[in-house]
1. Please state the charge dipole magnitude for region 6-132, taken about the Cα centre, from unit charges on C-beta atoms (+1 on K and R, -1 on D and E), reported in debye and rounded to the nearest 20.
2. When the helices in the chain are scored as -39500 (n - 2.57) per DSSP H run of 4 or longer and the sum is shared across all residues, what 222 nm value do you end up with, to the nearest 500 deg cm²/dmol?
3. Based on DSSP loop calls and a cut-off of at most 15 other Cβ atoms within 10 Å, the longest stretch of the chain free of exposed trypsin sites (Lys or Arg not before Pro) is what?
4. Using a simple charge model, +1 on the beta-carbon of Lys and Arg, -1 on the beta-carbon of Asp and Glu, nothing else, what dipole does region 27-91 show about its Cα centre, in debye to the nearest 20?
5. One-quarter of the Cα convex hull surface for the chain, in nm²?
6. Given the Cα atoms of region 6-132, and with Rh set as the inverse mean 1/r over their pairs in the Kirkwood sense, what is Rg to Rh to two decimals?
7. Please give me the summed charge of the neighbours of Asp12: other residues whose Cβ is under 12 Å from its Cβ, Lys and Arg +1, Asp and Glu -1.
8. Can you give the direction-averaged projected area of the convex hull of the alpha-carbon atoms in region 139-245, in nm²?
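No value in this document is a laboratory result; all are computed from the given coordinates. What you are looking at is a predicted structure, and each value in this text was computed from that prediction instead of being measured. For neighbour counting, all protein chains shown are included, and Cβ atoms are generated from backbone atoms with ideal geometry for every residue, glycine included.
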Amino acid sequence: MRNRPILLIDDDPQSRELITAILSVADFEVLSTPDGLSGIELARTAQPIAIILDMMMPGMDGISTLQRLRRDPVLKDIPVVGITASTDLTYTQKAFRAGAQFFLPKPFRAASLLGVVELAADLTLRDTPMHRRRRHPRHLAEVPVSCFIRGHLSKASELKGKTGNVSLGGLLLLLPETLAPGTPLQLGLGLSDGPITARGRVMWRDPKPIGERRFHHGVRLLGFNDDGGLAQYRGYLDQLDVERTA
């Protein structure tokens, strides 16, 4: 089945960049547009599995865009996640009345966004398991990781953490400090059948810590130091896939 994207409609370029980074590291394809009219046109062409829609946009706002989506016979069944930075609680009520299935106030945690998007996608693709809908399946796994940071003299040259999930495209890392988006990393992954090294880049971070003062980071894998490391990592992911489906 052809992978279908997530469509993001938001006039804030920083918000589009952050949401795209979060979902891309989780191996969703993301298309984005800054206004409702172009979003509706793009939705007709791309047929996304879900739409993330900002409620506060100039011109045609999110509520008007949502109403037009629901009147369109081609787009009316696509799940919509409403988002807004407004503290006005009536936006939530208006969004649900206009046809949104989910709603998130800004700012939101990356984990909250991923959870809601997965629920929205599940409404569209009920017969396809979630881990098979992405370009690269994502697996829950705790792998010890050593992160060697280049160009950050104010921080330790090495941070030790662990993964929350893994895929061929990226990692969810839990680290004891926050690293800025764009930080290049040399990664040492302690796989069960031996360590490997890889290159990565921080795409997003959640500044709020979770238990044990660990911070979530989305890291894009850029490559492995040798072909043997790539083959070993692929083999590890294949093993996780077998265990998942057994």
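1. On the way: 12 positive and 16 negative charges, 82 e Å.
Using Cβ point charges on Lys, Arg, Asp and Glu, region 6-132 gives about 400 debye.
2. Working: 6 runs with 77 residues, N = 246.
Dividing the helical sum by the residues of the chain leaves -10000 deg cm²/dmol.
3. Numbers: sites that count: Arg2, Lys76, Arg109, Arg126, Arg135, Arg150, Lys155.
Within the chain, the longest run free of exposed trypsin sites (Lys or Arg not before Pro) spans 156-246.
4. In total the dipole reaches around 300 debye.
5. Values: hull surface 58.7 nm².
So the Cα hull casts an average projection of 14.7 nm².
6. Numbers: Rg = 13.2 Å, Rh = 14.3 Å.
Radius of gyration over Kirkwood radius for region 6-132 works out to 0.92.
7. Details: positive: Arg16, Lys106; negative: Asp10, Asp11, Glu17, Asp35, Asp54.
Net charge in that neighbourhood comes out at -3.
8. 6.7
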